Amino acid sequence: MNFIEGLRLALESLWVNKMRSSLTILGVVIGIAAVITVVAVGQGGQAVLMAELQKIGTNIFAISVNWQEGEPLGEHDFTYQDIAVIKELVPEITYLAPTNYISAVVRGPKDKKPAQVIGTEADYAQIANVKVVKGRFLSQRPGTTRAVVVLDQALAEEIFGRLDPVGKRVTINNRPVQVIGLTKEEGGFLGIQTIKRIYVPLSFAQDISGQRIIQQMEGIVANREKISAAMAKAVIVLERRHNVKDRYKAISLEEQMKIAGKITGIITLIIGAVAGISLLVGGIGVMNIMLVSVTERTREIGIRLALGARRKDILKQFLIEAIVLCLAGGLLGIIIGAGGSMLVARLAKWPPLISFGTVLIAFAFSAAIGIFFGLYPAGRAAKMNPIEALRQE
């Protein structure tokens, strides 16, 4: 029996039991659909992560204090003088600003909303490409204690309504502050912006948080090729000024994005593996139904063997049936998975990335499941004694 004949017989047998065949492949469909969805969304997320990096820029970096366990808070803190000296001694760095990040509640005349407060200076606008659409950004006077804020435009609309907020007052954690400008965010990270950003002078952010420290410095270099050298020089300057070793760490945004991409990849792999368990469950279901089919068709198998059919022909027929079942489930799972990944990606606001390789692997894995779980029932059918089989009613 050639492959074409075996395929024809397999399709005829499966068509006779359409309902049972459909229910049998359900586990394979769910498994393949889940894997396709998870992998496509994960790969899409990684692609957008890299696109976001290119948009923001690969020449941005941050320097922070490498805190030691048991070390008192404030030990080896950054100072305004540190920033000034780094700017002077490391010419590769074009802009450098202190940054403190705190969570707060901003209250306006119409409403109150949570926000991420960034305490910083004027250089930050160039580093983070902050777009001021009205008014102005913060000034470049280190240590200024002016109670001013630059609001996100969308946030301003929520807490002011139709009123023009520039020149008006809001409260940040019940501290009154004057609005001097509005910024427009580009949809936030990966197209998702749940918490709005607002900008205040560093000293004001320190007053709000009650911590007189500089959490980190953020900077930008003109030439991306020199970012590693610039970061190393800045760390050396800090170590010499504070007479310490290994207390400061610098990392580029590109490195941070790569780490995030690796984490995303690992999470995708783990979730995909968990989803793949349903494929094994589906394979067991296929094996059970094929065993039932072998039992039901015992007399048919006996007749074929008595008429001269070779045992390998019987093996081939039942194995093809199992493979066809799993391939049908795999094909349907790929279609459902593609649709599911598009839906999830649309909700997450990033494009799904369904590669040809992913589809090919899913299809091949479906066939492998069919072979692995179909081999035992097919072998059992092929090993039947024709005389004993013919006695079955």
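Bear in mind that the values in this text are calculations on the coordinates, not laboratory data. From a predicted model like this one, the values you see are computed outputs, not experimental measurements. Positions of Cβ are generated from backbone atoms using ideal geometry, with glycine treated the same way; all protein chains shown enter the neighbour counts.
Observations
- Among beta bridges identified by DSSP and lying wholly in the chain, the antiparallel ones come to about 75 percent.
- Helix 227-242 and the long axis of the chain differ in direction by around 50°, with both axes built from C-alpha atoms.
- P(r) tail fraction, the range 192-316 - alpha-carbon pairs more than 18 Å apart, %: 78 percent
- log₁₀ of I(q)/I(0) at q = 0.17, 0.21 Å⁻¹ - the range 73-148, Debye sum with one point per alpha carbon: -0.84, -1.16
- Check: the range 85-140 dipole with +1 on Lys, Arg Cβ and -1 on Asp, Glu Cβ, in debye: 560 debye
- When you count the other C-beta atoms within 10 angstrom of each residue and take the mean per peptide, 356-365, 104-113 line up highest first as 104-113, 356-365.
- Members of Lys112/Lys168; Lys233/Lys258; Lys110/Lys134; Lys168/Lys196; Lys184/Lys233 lying beyond 25 Å, as alpha-carbon distances in this model show: Lys184/Lys233
- Between 0 and 90 degrees, the angle of helix 253-296 with respect to the longest Cα principal axis of the chain falls at about 20 degrees.
- Only Lys, Arg (+1) and Asp, Glu (-1) charged, at Cβ; the chain dipole about Cα centre in debye: 620 debye
- Ranked by the mean number of other Cβ atoms within 10 Å of their residues, highest first, the peptides 282-289, 256-263 come out as 282-289, 256-263.
- Cα centroid of the range 371-388 to Cα centroid of the range 201-275, whole Å: 62 Å
- Taking 0.36 nm per residue of separation and subtracting the Cα-Cα distance, full extension of the segment from Ile361 to Ala222 would add 45.7 nm.
- Derived value for the chain: Kirkwood hydrodynamic radius 26.0 Å. Basis is the mean of 1/r over every pair of different alpha-carbon atoms.
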